[in-house]
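The values are calculated or read from the model by the stated rules, or taken from the named source; none is laboratory data. Quick caveat, the model's predicted, so the values are computed rather than measured. Heads up, the Cβs are rebuilt from the backbone with ideal geometry, glycines too, and the neighbour counts pull from every protein chain shown.
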Amino acid sequence: MTQEITRTERSAPTRQFTVLLSPTRRGARLARLLAVAHLGAWGLPSESAAHIVAELATNATVHGRVPGRDFQLSLAVHGDTLLRIELTDTRGDRLPPTGPGSSAPPADDAESGRGLLIVAALADRWGVAPGPVPRKVVWAEIDLVPWPAPPQSPGRGRPRSGQRPSSSPM
């Protein structure tokens, strides 16, 4: 008897970054700054990812905080087509609402309650996965779109290293 086994796991990430941060406002801010720095170093757009990291890190510090325990930020790029953002905290007993209509929208004058709405708007997919007790992972994925090459003028190549492009022929 022959059986076929199909695996649905993603391939190993081509680029990855993971860091533990303190569950404080400073830790949440540092998570966003580190994400922007690494995505910039990898040559990837960072605006949407920065907002997602900021919201998930803030949630980890506000709702997932356990004194003396850090939260973890992980960024992984899979095949230059997918960015996966993961925030792991130690409050697996406090799961955020997931799915459309799972929570009521905040009042117009409320100062909080919009973080996961922002994540849902900016991410292509997001969700929650239970981690080893007592942890949980809140993740978001962004499909990476290749950037088109800038058009070049006919007959003019790129300037050599160290030269400035001229704005008008001399």
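Can you name the residue in region 53-84 that is touching a Phe, Trp or Tyr at 6+ places or on another chain (Cβ under 8 Å) and part of a helix (DSSP H, G or I) and, of all such residues, is surrounded by the most Cβ atoms within 10 Å (Cβ to Cβ)?
Per the stated criteria, the residue is 57.
Restricting region 119-162 to residues that are assigned to a loop (DSSP other than H, G, I, E, B) and modelled with pLDDT of 90 or more, which is nearest to residue 56 (Cα to Cα)?
Filtering region 119-162 for residues that are assigned to a loop (DSSP other than H, G, I, E, B) and modelled with pLDDT of 90 or more, the one nearest to residue 56 (Cα to Cα) comes out as 123.
Is at least one residue of region 69-88 modelled with pLDDT under 90 and not charged (D, E, K, R)?
Scanning region 69-88 turns up at least one residue that is modelled with pLDDT under 90 and not charged (D, E, K, R).
Taking only pairs six or more apart or across chains, which ones have beta-carbon atoms under 6 Å, a first residue in region 18-37 that is closer than 16 Å to residue 64 by Cβ, and a second residue that is small (Gly, Ala, Ser)?
Pairs found: 21/27; 21/31; 28/57; 31/57.
In region 4-45, how many are surrounded by 14 or more Cβ atoms within 10 Å (Cβ to Cβ), of a type outside the set (Val, Ile, Thr) and at pLDDT 85 or above?
18
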